[in-house]
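Asker: This structure is in structure tokens; I'll ask about it shortly.
The values are calculated or read from the model by the stated rules, or taken from the named source; none is laboratory data. Because the structure is predicted, anything quoted here is derived from the model rather than measured. Heads up, the Cβs are rebuilt from the backbone with ideal geometry, glycines too, and the neighbour counts pull from every protein chain shown. Areas reflect the complete protein model, heavy atoms only, side chains present, ligands, DNA and RNA absent. Shrake-Rupley method; radii C 1.70, N 1.55, O 1.52, S 1.80 Å.
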Amino acid sequence: MSASGPTTYTPLDDIGGSDRAEIPDSIYRAAVLTNILTSDDAWVHVEHSSTYGAALMFPQVARSAGWPISLTIMALRSFMFLFFGMSLQIYLLNQVGREERVMSGFAGQMHLCNFAPGARGPLGTIITPERTYSFGQWATRLFARDSVKTLFPSRAEEIDSSVDVGEYALQSFQIRWVCCAVFMMVTLEELLRIYHLFTLLWSVPCEAGVWIDGDKDSKEHDSWLERVHLQVAGIPRHWKAIYFVALLLPKIMIWKLCCQAGIEYLMETADIDGTLVNCVALAFILNLDENVCETMMTEHTRVMMSKCTGYPLHDRESKKLMKTSQLIIAASDLEGVSSGRRTKAEVATEYLRQESLSRVTFRDVIQWLPGKLFLIGFLTMCFVADYYSKNCEFSQDGKLVSKPMYYPKSTTMNFLEEILPNLFNVEVEGEPYWTMPEQ
């Protein structure tokens, strides 16, 4: 790049006709491919197949049209479906959390943590592969042994020495980590939707923009779909506040709860097949808003949502320049080309020189790093660390084992225990029913 100033570009529209013949085909094709790989549309859109998108779009369409009764009803229906979908999501996540944090306690289950072959298990013995069981299998073996001891109390010591019930332990650390990463990969799409919603609310002007317009030049035989133009426009400040509270914050909360519940569920699954099945099972909760939109909203409602175009983050002229600017990189400004001091073939040759692998910079390396892959890894480690901090502690031999377990006082969880599990713990009895045996 030129050190005298910022890099400038030659628009593709200026390279045509006889000038196009000056550029070698290989250079031209490489330039076009580079533009495809590095282009960024820089538009924000509403979700076209979600109750969140409907609740954002239709009140603004109704406002732009002067609140006619049909569009007003459609706006109210969109919020009704939004809250219905949210209620389903929160209820199902509540039940998953209740199963893990309440009902498992009544079943006498301890946290799985890092109970695995080579470490000491919940009974204090060394775990070996042939003595590794899921909690259901292990609990059944414990029940059978204790039942025999109840029938023959005088022979309890003999039964303990003769009957090996094994240990409750994890079958594979590798499968656990891979499935946690796959689960976070599935939920990443919802996180990106949250980011796009935040970008839309932050970027569009705080003014009463027009979201719906008609094509006055359309022919009489055109359908209504061809006459109506829907697009994202300005949103009044008070509507933005409503959307932040009613759309963005619940969406963030539901995503966080789903990720916490899903990771905890996977971390508490001991067997390999159960871990594989569960790694994508809970992600369907995040898609309930799309299922509600698809099954309960009318066809013309979904068609209107699909016709809504996005809002450009740049004005039209700069957007046009941005799209065409990435095709042929020049070392000199456009005046140098148009005045004849440099031919467009020379500019294309300069582009090829600057795109040479010998000129790769640290910025180029950063640009092509798989950002989403690193984000998946980071989120996986964060939620797994959250599981360990809440449920596990270090034993005398330096292994992560379950914290002492207590019976819950109730079979239900209140709202704060549900949405803020890190701050509000389930109320439990005073005496533990299980503690890690001393070494």
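Asker: Of all residues in the range 82-107 being over 22 Å from the mean Cα position of the chain (by Cα) and open to solvent by less than 20 Å² (accessible area, probe 1.4 Å), which is nearest to Met405 (Cα to Cα)?
Answerer: Among those residues, the one meeting the criterion is Gly105.
Asker: Further question: Filter the range 385-415 down to residues that are assigned to a loop (DSSP other than H, G, I, E, B), in contact with an Asp or Glu (Cβ under 8 Å, 6 or more places away or on another chain) and open to solvent by 70 Å² or more (accessible area, probe 1.4 Å) and give me whichever is modelled with the lowest pLDDT. Steps first, answer last, please.
Answerer: Of all residues in the range 385-415, those assigned to a loop (DSSP other than H, G, I, E, B) come to 395-399, 403-404, 409-414.
From what's left, in contact with an Asp or Glu (Cβ under 8 Å, 6 or more places away or on another chain): 396, 403, 409-410.
With open to solvent by 70 Å² or more (accessible area, probe 1.4 Å) added as a condition, the list becomes 396, 409.
Values: Gln396: 85, Lys409: 89.
Per the criteria, the residue is Gln396.
Asker: Ok, one more. From the list Glu427, Glu418, which one is at negative phi and open to solvent by 30 Å² or more (accessible area, probe 1.4 Å)?
Answerer: On the way: Glu418 fails: open to solvent by 30 Å² or more (accessible area, probe 1.4 Å).
Within the list Glu427, Glu418, the selection yields Glu427.
Asker: Continuing with this model, one more query. Within the range 279-291, which residues are open to solvent by 10 Å² or more (accessible area, probe 1.4 Å) and either within 24 Å of Leu230 (Cβ to Cβ) or part of a loop (DSSP other than H, G, I, E, B) (or both)?
Answerer: Of everything in the range 279-291, those that are open to solvent by 10 Å² or more (accessible area, probe 1.4 Å) and either within 24 Å of Leu230 (Cβ to Cβ) or part of a loop (DSSP other than H, G, I, E, B) (or both) turn out to be Cys279, Val280, Ala281, Glu290, Asn291.
Asker: Tell me, please, whether a residue that is among the basic types (Lys, Arg) and in contact with a Lys or Arg (Cβ under 9 Å, 6 or more places away or on another chain) can be found in the range 185-197. Walk me through it before giving the result.
Answerer: Within the range 185-197, the first condition is being among the basic types (Lys, Arg), and the residues that meet it are 193.
Still in the running and in contact with a Lys or Arg (Cβ under 9 Å, 6 or more places away or on another chain): 193.
There is at least one residue in the range 185-197 that is among the basic types (Lys, Arg) and in contact with a Lys or Arg (Cβ under 9 Å, 6 or more places away or on another chain).
Asker: Within the range 233-278, which residues are touching a helix residue (DSSP H, G or I) at 6+ places or on another chain (Cβ under 7 Å), open to solvent by less than 10 Å² (accessible area, probe 1.4 Å), more than 30 Å from Gln137 (Cα to Cα) and not aliphatic (A, V, I, L, M)?
Answerer: The answer is Tyr243, Lys251.
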